[in-house]
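Everything on this sheet refers to the single structure shown next.
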Amino acid sequence: MSAMNNFLADFATGKTEGRYVAGELPLLPFTDEEFDIALSSHFLFLYSSRLSLEFHLQAIQEMLRVAAEVRVFPLLTLDGNRSPYVNSVVEHLTDFGFSSEYTRVPYEFQRGGNEMLLIRKNS
Ligand SMILES: C[S@@+](CC[C@H](N)C(=O)[O-])C[C@H]1O[C@@H](n2cnc3c(N)ncnc32)[C@H](O)[C@@H]1O
């Protein structure tokens, strides 16, 4: 609720200042490495029954293009099970020179949905 209230309080000003930009994965309207962090919250992995593994790989690679670090939370599908794509995504990212880390977070919206995937470029 506090995140929603913060967002609502800032939305009008943020739009005027150009801080809210509409875009749609797997292509983002931003330049390379424009951000420190790109976060997918309750989108990637959640809709694994509708969005393919290929879409997930393209989307995460695009987020890694615009940001130094990518966070995907949670790792669950709509039915509350771990997405069948998680392992494949991590293997693919390792092959392409990225490091992935599972992080337990103190926030849980879906029951058991308290794990986040943190992805960085290998230095
Ligand atoms: C379940 S909501 C999650 C909203 C918010 N991120 C949260 O965690 O509360 C899923 C969001 O994914 C967004 N979405 C749908 N297709 C998308 C796409 N191709 N690229 C980026 N976001 C998309 C929807 O607009 C919606 O806001």
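What the table below lists for this structure:
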{"item": "Where a residue in region 10-34 is at positive phi and its partner, wherever it lies, is surrounded by 12 or more Cβ atoms within 10 Å (Cβ to Cβ), with Cβ under 8 Å and at least six apart", "result": "E33/R65; E33/V66; E33/A67; E33/A68"}
{"item": "Residue within region 30-48 that is assigned to a loop (DSSP other than H, G, I, E, B), within 18 Å of V89 (Cβ to Cβ) and among the small types (G, A, S) present", "result": "yes"}
{"item": "Search result, residues across region 19-62 that are among the hydrophobic types (A, V, I, L, M, F, W, C), within 11 Å of the ligand (Cβ to nearest atom) and loosely packed, with under 11 Cβ neighbours inside 10 Å", "result": "A22"}
{"item": "Test: residue in region 90-100 that is over 23 Å from S123 (Cα atoms) and in a loop (DSSP other than H, G, I, E, B)", "result": "no"}
{"item": "Residue that is nearest to the ligand (Cβ to nearest atom), among those in region 63-83 that are under 13 Å from the mean Cα position of the chain (by Cα) and assigned to a strand (DSSP E or B)", "result": "F73"}
{"item": "The one condition in (1) within 13 Å of the chain's Cα centre (by Cα); (2) crowded, with 18+ Cβ neighbours inside 10 Å that L93 fails to fulfil", "result": "(1)"}
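No lab work stands behind these numbers, since they all come straight from the coordinates. If you're wondering where the values come from, they're calculated on a predicted model, not measured in any experiment. So basically every Cβ, Gly included, is an ideal-geometry build from the backbone, and we count neighbours across all protein chains shown.
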